[in-house]
Amino acid sequence: MVGDPEPAARLLKQSSLVERVDVENGQIRVTLAENVTDYSDLPTLLIDAGHKLTLFREEEINLETAFMALTKGITA
């Protein structure tokens, strides 16, 4: 994202598609609301509000991370 990410993060927090928004090192990380699979309106929302995107992608998750998320970190 070009410029200050905080205004864009506040805008994303207002979307019903979004459960959580975190800003880390100038990047915005969005956690989608439960059962949301189509998030294609989010970049449009940002661009229509005048924000300039440099990257928009899904986070790659490795097998260990996926397992821990699925089991909520509970192991035998």
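The values are calculated or read from the model by the stated rules, or taken from the named source; none is laboratory data. Keep in mind the model is a prediction, meaning the values are calculated, not measured. To get the accessible areas, we keep the full protein, side chains included, count just its heavy atoms, and leave off ligands, DNA and RNA. Shrake-Rupley method; radii C 1.70, N 1.55, O 1.52, S 1.80 Å.
Between E19 and T65, what length in nm is gained on full extension when 0.36 nm per residue of separation is reduced by their alpha carbon distance?
Length gained between E19 and T65: 14.6 nm.
Over the chain, one equal point on each Cα, no solvent: what is log10 I(q)/I(0) by the Debye formula at q = 0.14 Å⁻¹?
Log10 I(q)/I(0), no solvent term: -0.52.
Counting only heavy atoms of the protein chains, get the accessible area per residue of the chain (1.4 Å probe) and round it to a whole Å² value.
81
In square angstrom, rounded to the nearest 10, how much accessible surface does R29 have for a 1.4 Å probe?
Per-residue accessible area (R29): approximately 110 Å².
Provide the solvent-accessible area of E24, counting protein heavy atoms only and rolling a 1.4 Å probe, rounded to the nearest 10 Å².
About 90 Å², ignoring ligands and nucleic acids.
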